[in-house]
1. Go through the range B:264-296 and give me each residue that's within 14 Å of chain A (Cβ to nearest Cβ) and touching a Lys or Arg at 6+ places or on another chain (Cβ under 6 Å).
2. Among the residues of the range A:277-286, is there at least one that is surrounded by fewer than 17 Cβ atoms within 10 Å (Cβ to Cβ) and not hydroxyl-bearing (S, T, Y)?
3. Any idea how many residues of the range A:297-356 are among the hydrophobic types (A, V, I, L, M, F, W, C), part of a strand (DSSP E or B) and facing chain B (nearest Cβ under 9 Å)?
4. Just the residues that are within 8 Å of chain B (Cβ to nearest Cβ) and either without any contact (Cβ under 8 Å) to a residue 40 or more places away in the chain or touching an Asp or Glu at 6+ places or on another chain (Cβ under 9 Å) (or both), please, taken from the range A:204-213.
5. I need the full set of residues from the range A:74-106 which are in contact with a Lys or Arg (Cβ under 9 Å, 6 or more places away or on another chain), part of a helix (DSSP H, G or I), open to solvent by 20 Å² or more (accessible area, probe 1.4 Å) and in contact (Cβ under 8 Å) with a residue 40 or more places away in the chain, in order please.
6. Please go through the range A:235-263 and pick out each residue that is of a type in the set (G, A, S), within 12 Å of another protein chain (Cβ to nearest Cβ) and open to solvent by less than 10 Å² (accessible area, probe 1.4 Å).
7. Between a first residue in the range A:18-36 that is within 14 Å of chain B (Cβ to nearest Cβ) and a second residue that is assigned to a loop (DSSP other than H, G, I, E, B) and among the hydroxyl-bearing types (S, T, Y), which pairs have beta carbons less than 9 Å apart while being 6 or more apart in sequence or on different chains?
8. Quick check on my filter: what residues within the range B:288-319 are surrounded by 14 or more Cβ atoms within 10 Å (Cβ to Cβ) and under 26 Å from B:N105 (Cβ atoms)?
2 protein chains.
Amino acid sequence: MLPHPDPISGAAYSSVELMPGDRQVALLDQRALPLVERYEMLHRVEQVAEAIERLMVRGAPAIGIAAAYGVVLGAVAERGGAESFDRAMGVANERLRRTRPTAVNLAWSLERMARACREIAPFAPEDRVARLASEARAIHREDVEACRSIGTIGAARVPDGATVLTHCNAGALATGGYGTALGVVRAARASGVNVRVVACETRPVLQGARLTAWELLRDGFDVTLVTDSMVGQLMRRGGVDLVIVGADRIARSGDVANKIGTYGIACLAQTHGVPFYVAAPWSTVDLACLDGDTIPIERRSESEVLSFAGVRTTPEGVRADNPAFDVTPARLVRALFTERGEICAPCESALVALAC
Amino acid sequence: MLPHPDPISGAAYSSVELMPGDRQVALLDQRALPLVERYEMLHRVEQVAEAIERLMVRGAPAIGIAAAYGVVLGAVAERGGAESFDRAMGVANERLRRTRPTAVNLAWSLERMARACREIAPFAPEDRVARLASEARAIHREDVEACRSIGTIGAARVPDGATVLTHCNAGALATGGYGTALGVVRAARASGVNVRVVACETRPVLQGARLTAWELLRDGFDVTLVTDSMVGQLMRRGGVDLVIVGADRIARSGDVANKIGTYGIACLAQTHGVPFYVAAPWSTVDLACLDGDTIPIERRSESEVLSFAGVRTTPEGVRADNPAFDVTPARLVRALFTERGEICAPCESALVALAC
């Protein structure tokens with residue numbers, strides 16, 4: 001059970017929370033879901049970095065929030081003067097930044113924490129911790145607010161009785177709370193619209209089967225699981241009204257990096273005339289990335305593909321490919337939902353305008 | 001190890017063989033692959049029927065051959081006169097036919113065995129067994145020959161240095177031996193062409209990860225495994241030169257029923273200008289089926305999607321969809337490779353002409 005008495009997530013569960021007293025981070029171990037709901041208590045930067053690397057916490061916005069809380073733990077451990085603090089915070093920041101390359105929210109959140117660190121380096125240790133905790137909680141709180149705004153904006157595109165297909169988990173578990181793609185689904189229901197969800201299981205790590213199914217069932221939604229290979233025939237039979245996914249990074253061109261498989265779904269949506277939407281907070285937008293080809297794509301261990309749920313399924317000696325993300329070009333995206341508004345093609349001018 | 005001294009498969013392994021003496025069927029338990037290579041000895045029709053239902057043997061041509069051998073076991077058990085034999089063979093035939101609905105090779109093979117049964121009903125029991133064993137072995141032998149012809153025909157479409165993407169297992173394990181889609185790959189290599197294979201893992205039953213990887217590695221091919229969700233980005237990056245898959249039934253229109261996920265791959269191939277080929281023996285063609293919409297699609301248990309190898313991967317209470325096959329319309333198929341020749345659009349007239 002969530003150990004935090006008043007979580008910023010606003011729900012009975014949370015991907016990550018900074019505990020009262022600012023000395024420990026409660027992190028829901030998403031690897032154990034859906035069978036076990038277990039919170040780990042983290043006390044050191046290194047624990048947070050490893051939790052991100054090992055996918056105990058995943059989802060671009062949630063990673064950013066976890067990293068911000070990691071910086072707070074770094075400040076707790078550093079009682080020296082301004083120079084020592086600067087150095088220690090630089091090391092902590094760098095360690096956290098290295099954990100995963102694709103989601104830009106991580107770099108965005110760490111940059112914001114680094115700015116706060118620079119301002120408060122001369123303060124007393126306790127004051128530094130309090131100030132950074134406040135900044136990290138603000139990042140968390142703003143993410144939940146962004147998700148709620150995204151939900152309201154996106155819900156306008158969800159017709160009554162719609163079946164929404166989603167990939168991976170872009171829900172409460174992937175964010176500070178409420179979710180992006182699933183935030184749209186939540187907001188649609190809250191506005192009185194009947195909505196059902198088809199969740200792709202999302203090999204190799206099964207975030208759809210394990211996480212999206214878990215949080216939607218828990219909140220009483222009608223959810224059906226399919227393998228990633230079933231999307232084509234499902235669309236052909238008219239079983240999908242719209243697709244909504246999250247994003248790990250959105251380039252200036254409007255190209256979207258998201259969980260591997262997203263691009264194929266976007267192509268199939270195009271072929272079948274199904275609208276394809278992306279829901280993400282503004283922290284996912286990276287105007288410094290001109291287009292999708294410049295987004296770094298994480299390659300993860302072959303073992304994720306060679307085994308299934310911890311069971312080896314493949315012969316010894318076989319190789320596997322395992323890019324964790326793919327890029328969907330802007331032309332396949334009907335609209336981006338962000339808390340700053342809905343963005344349609346041409347994306348670049350709209351994104352640049354909203355950035356100001 | 002394969003217990004048969006002189007297998008019709010022509011390889012060191014075989015999906016199914018009738019043992020010398022015609023009293024038992026050696027069946028490779030494909031559920032145990034790739035970790036264990038185990039042959040089960042079957043003695044009764046019911047064992048063969050259950051082996052087909054439980055996917056111990058799968059692949060449209062292999063199912064047809066296993067069922068033909070099942071009829072032989074039925075004749076072994078029936079020592080009565082012509083009328084009793086007719087009745088018993090009718091029951092056996094019907095039991096075997098009910099096992100799986102989509103692959104038409106099963107019905108084709110059983111129809112051929114039923115014709116043989118009718119001719120020999122008045123014979124002595126031993127003669128009936130010998131005659132049916134001979135017919136079943138002919139079905140098996142002809143399937144291997146068909147695969148070799150398909151391979152030669154298809155290999156003409158495989159350029160040197162090509163990367164072939166395949167889905168599910170349309171290999172030696174899915175047929176009497178040699179394989180259809182993988183037969184083309186084998187024939188291409190035999191003709192001196194360099195070829196590498198990308199195998200889709202093929203959820204939910206993982207025939208690609210477990211079976212295609214196993215038989216290609218065993219025969220020394222360069223094979224890389226991907227999740228089904230990776231096909232889109234792989235094609236986008238130019239990593240696939242052509243797609244070759246098998247088929248469970250080909251309608252008069254040229255529409256192709258094959259393992260779930262095939263249709264999505266065919267759409268992605270179309271989008272990316274990658275040629276999409278289907279390799280199948282003539283026994284897979286069903287001219288009585290006018291188009292793909294009339295092909296019965298087997299729906300299998302939700303549990304295949306909800307768990308794996310006894311490991312539950314999804315929360316209690318979630319529903320899943322599990323159609324085992326989908327239909328790829330003829331317009332997405334560049335050519336069908338059969339032992340009677342290569343068939344291009346318009347398929348219907350070509351198929352009808354070859355049927356004569």
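The values are calculated or read from the model by the stated rules, or taken from the named source; none is laboratory data. Everything numeric here is computed off the predicted structure, so don't read it as measured data. Virtual Cβ from ideal backbone geometry, glycine too; neighbours counted across all protein chains shown. With ligands, DNA and RNA removed, areas are computed over all heavy atoms of the protein, side chains included. Shrake-Rupley method; radii C 1.70, N 1.55, O 1.52, S 1.80 Å.
1. Residues satisfying the conditions are B:F276, B:I295.
2. no
3. Residues in the range A:297-356 being among the hydrophobic types (A, V, I, L, M, F, W, C), part of a strand (DSSP E or B) and facing chain B (nearest Cβ under 9 Å): 5 in total.
4. A:P204, A:A209, A:R210, A:A213
5. A:V76
6. Correct list: A:A257, A:G261.
7. Note: pairs meeting the criteria are A:Q30/A:S15; A:P34/B:T313; A:P34/B:T314; A:L35/B:T313.
8. Answer for the range B:288-319, where residues must be surrounded by 14 or more Cβ atoms within 10 Å (Cβ to Cβ) and under 26 Å from B:N105 (Cβ atoms): B:C289, B:L290, B:D291, B:G292, B:T294, B:I295, B:I297, B:E298, B:R300, B:E304, B:V305.
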